[in-house]
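Below: one structure in structure tokens.
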Amino acid sequence: MTDGAFEAAIRRILRPLVRAMIARGLFYPRLTEILKEVFVGEAEAHFGIAGRQMTDSRISVLTGLQRRDIRGLRGADDVERPRGLGPVPRTVAHWQGDPRYQVDGAPAPLPRLAEAAGDGPSFESLVREIGRDVHARTILDELSRLGLVTIDKKSDRVSLIAEALLPSRDDALLLGYYAANLGDHAAASAANLMASPDPGPFYERAVHYNRLRAEDVDALEASARERLQDALAALNADALSRQRAAKDDPAATARFRAGAFVFRAGEGDRDDDAPTAARAVDTPGAPTAANGDTS
């Protein structure tokens, strides 16, 4: 049995998820089927006993599902595995992170064709580094459709005009980022909550203040966007450099994600299930927060 505090936390986490489900037309009966699949999959993957076979009966004990439901779900591979988001985000990441394609630390305007650049960088050479099966013309068309580049017809140069890829302009990319970012954050939070020794506690910090004026929140949001963008850009360049250095290393199988977000709520928005500062606990290895809650 779970305790009331954990159920309250789950309820708080579920509210925005359910809001998204309603908005996207995912109804409760289908959600129950998805939950059955996920419960069985997670029980099989993470709650076995060393040296013993995982049985339907054990999964039933762990999940509360009936064995007749479990039989049809075991071994199913319906849960999405982490994957790359395709050549468009990788192109932007390389453009933002590789010094060869930058001027003064910012993405440089690039000649569209390699022949126009001579031995220098070009948009074609940038895309070629993403993969030989990716065509520069196709990537350029998609970046243009998303409003992320401009093309100077006179000089035939391509310029990146967005600080970061904005997936909200494309539904498939939006859902990819939604699943990958929120999924990995949830995995890190769950590991911290369970104090898992392997792979261990993850870095998870937040700053939370209430009782602020709207103009104060505007200023804080602008400051956060600028500082977080700088931090992510630096991490992107570092990760790209390390990935290239490990290109031919068979041991290079690990995955890394670091993210950032800013949330603001206006007057009348409630957060009834969130713990207040008076109830917040700061323990080694657990998620903590710089918290200015005065309620």
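Of the numbered conditions (1) more than 21 Å from Ala93 (Cβ to Cβ); (2) exposed (fewer than 12 other Cβ atoms within 10 Å of the Cβ); (3) among the aliphatic types (A, V, I, L, M), Ala254 fails exactly one; give the number of that condition.
Of the numbered conditions (1) more than 21 Å from Ala93 (Cβ to Cβ); (2) exposed (fewer than 12 other Cβ atoms within 10 Å of the Cβ); (3) among the aliphatic types (A, V, I, L, M), the odd one out for Ala254 is (1).
Select from segment 16-32 the residues that are exposed (fewer than 13 other Cβ atoms within 10 Å of the Cβ) and over 21 Å from the mean Cα position of the chain (by Cα) and list them in ascending order.
Residues satisfying the conditions are Ile22, Gly25, Phe27, Tyr28, Pro29, Arg30, Thr32.
Among the listed residues Asp248, Asp230, which satisfies the condition of being closer than 27 Å to Pro99 by Cβ, more than 17 Å from the chain's Cα centre (by Cα) and not in a helix (DSSP H, G or I)?
On the way: Asp230 fails: not in a helix (DSSP H, G or I).
Just one listed residue meets the conditions, Asp248.
Then there's this: Could you check how many residues of segment 46-61 are assigned to a helix (DSSP H, G or I), open to solvent by less than 70 Å² (accessible area, probe 1.4 Å) and within 22 Å of Ala191 (Cβ to Cβ)?
Of the residues in segment 46-61, 1 are assigned to a helix (DSSP H, G or I), open to solvent by less than 70 Å² (accessible area, probe 1.4 Å) and within 22 Å of Ala191 (Cβ to Cβ).
So the check is Cβ under 7 Å with 6+ separation or different chains; which pairs have a first residue in segment 53-66 that's under 13 Å from Val38 (Cα atoms) and a second one that's aromatic (Phe, Trp, Tyr) and part of a loop (DSSP other than H, G, I, E, B)?
Close Cβ pairs (under 7 Å, with a partner that is aromatic (Phe, Trp, Tyr) and part of a loop (DSSP other than H, G, I, E, B)) amount to Leu62/Phe47.
Determine whether Asp198 is modelled with pLDDT of 90 or more and loosely packed, with under 14 Cβ neighbours inside 10 Å.
Answer is no for this residue.
For segment 188-206, state whether one or more residues are in contact (Cβ under 8 Å) with a residue 24 or more places away in the chain, assigned to a helix (DSSP H, G or I), among the aliphatic types (A, V, I, L, M) and closer than 30 Å to Ala106 by Cβ.
Checked segment 188-206: no residue is in contact (Cβ under 8 Å) with a residue 24 or more places away in the chain, assigned to a helix (DSSP H, G or I), among the aliphatic types (A, V, I, L, M) and closer than 30 Å to Ala106 by Cβ.
In segment 1-15, how many residues are under 18 Å from Gly64 (Cα atoms), of a type in the set (A, V, I, L, M) and open to solvent by less than 90 Å² (accessible area, probe 1.4 Å)?
Of the residues in segment 1-15, 1 are under 18 Å from Gly64 (Cα atoms), of a type in the set (A, V, I, L, M) and open to solvent by less than 90 Å² (accessible area, probe 1.4 Å).
Which residue, of Leu14, Leu26, Leu62, is under 17 Å from Leu182 (Cβ atoms), modelled with pLDDT of 90 or more and out of contact with any Gly (no Cβ under 8 Å at 6 or more places or on another chain)?
Leu14
Considering Asp171, Asp249, Asp273, which residue is under 30 Å from Ile130 (Cα atoms) and either at pLDDT 90 or above or open to solvent by less than 60 Å² (accessible area, probe 1.4 Å) (or both)?
Result: Asp249 is the single residue among Asp171, Asp249, Asp273 that is under 30 Å from Ile130 (Cα atoms) and either at pLDDT 90 or above or open to solvent by less than 60 Å² (accessible area, probe 1.4 Å) (or both).
For segment 115-130, name all the residues that are surrounded by fewer than 19 Cβ atoms within 10 Å (Cβ to Cβ) and either without any contact (Cβ under 8 Å) to a residue 12 or more places away in the chain or among the charged types (D, E, K, R) (or both).
Glu115, Ala117, Gly118, Asp119, Gly120, Ser125, Arg128, Glu129
Count, please, the residues in segment 131-144 that happen to be surrounded by fewer than 18 Cβ atoms within 10 Å (Cβ to Cβ) and in contact with a helix residue (DSSP H, G or I) (Cβ under 8 Å, 6 or more places away or on another chain).
The total comes to 4.
The values are calculated or read from the model by the stated rules, or taken from the named source; none is laboratory data. Model, not experiment: these values are computed from the prediction. For neighbour counting, all protein chains shown are included, and Cβ atoms are generated from backbone atoms with ideal geometry for every residue, glycine included. These area figures cover heavy atoms from the full protein model, side chains too; ligands, DNA and RNA do not enter into them. Shrake-Rupley method; radii C 1.70, N 1.55, O 1.52, S 1.80 Å.
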